[in-house]
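The values are calculated or read from the model by the stated rules, or taken from the named source; none is laboratory data. Please read all numbers here as calculations on a predicted model, not as lab measurements. Neighbour counts run over all protein chains shown; Cβ positions are idealised from the backbone, glycine included.
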Amino acid sequence: MGFKTPLYETHVAAGARMVDFGGWDMPVHYGSQIEEHHAVRRDAGMFDVSHMLIADVSGARARDYLRYLLANDVAKLKDPGKALYSCMLNERGGVVDDLITYFGDAEHFRVVVNAGTRDKDTAWLKRWAESFKVDIQPRTDLAMVAVQGPNARAKAAKVIGTSAAAVLGMKPFFSKQLDRHFVATTGYTGEDGWEIILPATEIAAFWAALRDAGVQQCGLGARDTLRLEAGMNLYGNDMDENLTPLESGITWTVAFDPPERDFIGRAALEAQRKAGVPRKLVGLVLEDRGVLRSHQKVVVPGVGEGEMTSGTFSPTLERSIGFARVPAATGEQVQVDIRGKLLAARVVKYPFVRNGKALI
């Protein structure tokens, strides 16, 4: 038996198929992963993301602490509520985890990290906290639901009530505290919507009210196909402690400017940039019949070999898509070894799908 979110009994009662995910008992689907995927692309779906760790960072040097801890620069955050996606790196430039940071003020930030790495992340956060005299407060009293899709805001607003009017037009990557609801315009699907944090004791009633408002219950299966269509990395698949952001398609999350800012892993990234990055993460579309999956071998004729890091059948595109880490010199065509057969795949720029529209 794994850890359970406050919505575990709700999922079981709804007939969800439960699986282990990073040590947590989580729903993979409620009957049809495909229907749940389409609900998010076309209407509104919701995900239990309470297994992720919410932690509040506070102290007079909280900004300095996060500027050192993260590869991206929280000094970019000027407006209260603004959010930033970044990675925590080790000294070798490898990704300890990716996370979102929300700005309260210069002395108060909130971070949300991945479920499977929460213990490691907590230890990492606390390892560097003492030097900056900051307090790290894991918020186990809170729970979180992601409501995603073109109609997500409108349907969730009916449940939140009149205060939701203040966030209906909120720009992407912002957040605001509304009474008991912390509402953020972030997500992992490539669709509009909110991630909503509220007291764990209230999450079951909130979930039920969203369901009654016409929001589809969705599991991890749809979350994975949605995030891959949206071109979003999955920690442990597309990046890890042995891979840098430069090798993982997320160089854009590293703030090399200003050059005087030091951060953990900077020296390693600078050295890799100078020497040349040997591998890159690319999007693939399978041109033959089959399904792309992680760990399949990728053959780049005349160049070398790589490996699939993520792969799936795209319900929106009705084609197989994926990410592969390949030699830097890889061009527009590769072959993927699927059950002993080399099948043709095309290298494409991701995201594959965004806001319900095909981009390839």
### Task
Pull up segment 316-360, narrow it to residues that are of a type in the set (Val, Ile, Thr) and within 19 Å of Ile250 (Cβ to Cβ), then point me to the one that is surrounded by the fewest Cβ atoms within 10 Å (Cβ to Cβ).
Val348
#### Entry: Scan of segment 207-231 for residues that are part of a loop (DSSP other than H, G, I, E, B) and over 12 Å from the mean Cα position of the chain (by Cα), ordered by number
Ala213, Gly214, Val215, Cys218, Gly219
### Query
So, of the residues in segment 1-27 that are buried (at least 17 other Cβ atoms within 10 Å of the Cβ) and among the β-branched types (Val, Ile, Thr), which turns out to be farthest from Thr140 (Cα to Cα)?
Thr10
### Summary
Within segment 303-315, of all residues that are in contact with a Phe, Trp or Tyr (Cβ under 8 Å, 6 or more places away or on another chain) and among the polar types (S, T, N, Q), the one surrounded by the most Cβ atoms within 10 Å (Cβ to Cβ) is Thr309
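Could you list, in sequence order, the residues of segment 237-263 that are among the hydrophobic types (A, V, I, L, M, F, W, C) and crowded, with 21+ Cβ neighbours inside 10 Å?
Quick first cut of segment 237-263, residues among the hydrophobic types (A, V, I, L, M, F, W, C) only: 239, 243, 246, 250, 252, 254-256, 263.
Those that are among the hydrophobic types (A, V, I, L, M, F, W, C) and crowded, with 21+ Cβ neighbours inside 10 Å: Met239, Ile250, Val254, Phe263.
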### Task
Taking Leu234 as the residue in question, decide whether it is surrounded by fewer than 22 Cβ atoms within 10 Å (Cβ to Cβ), in contact with a Lys or Arg (Cβ under 7 Å, 6 or more places away or on another chain) and not assigned by TED's automatic domain parsing to the domain that holds Ala16.
yes
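Pick out, from segment 5-100, the helices (runs of 4 or more DSSP H) lying fully within it that include 3 or more residues that are over 18 Å from Trp124 (Cα atoms), among the charged types (D, E, K, R) and in the same structural domain as Trp194 (by TED's automatic domain parsing).
Filter on segment 5-100 gives 33-42.
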### Task
May I ask you to list pairs of residues, at least six apart or on different chains, whose Cβ atoms are under 8 Å apart, with the first in segment 278-303 being assigned by TED's automatic domain parsing to the domain that holds Gln335 and over 16 Å from Glu332 (Cβ atoms) and the second being among the hydroxyl-bearing types (Ser, Thr, Tyr) and outside any loop (DSSP other than H, G, I, E, B)?
Gly290/Ser320; Val291/Thr312; Val291/Ser320; Leu292/Thr312; Leu292/Ser320; Arg293/Thr312; Ser294/Thr309; Ser294/Ser310
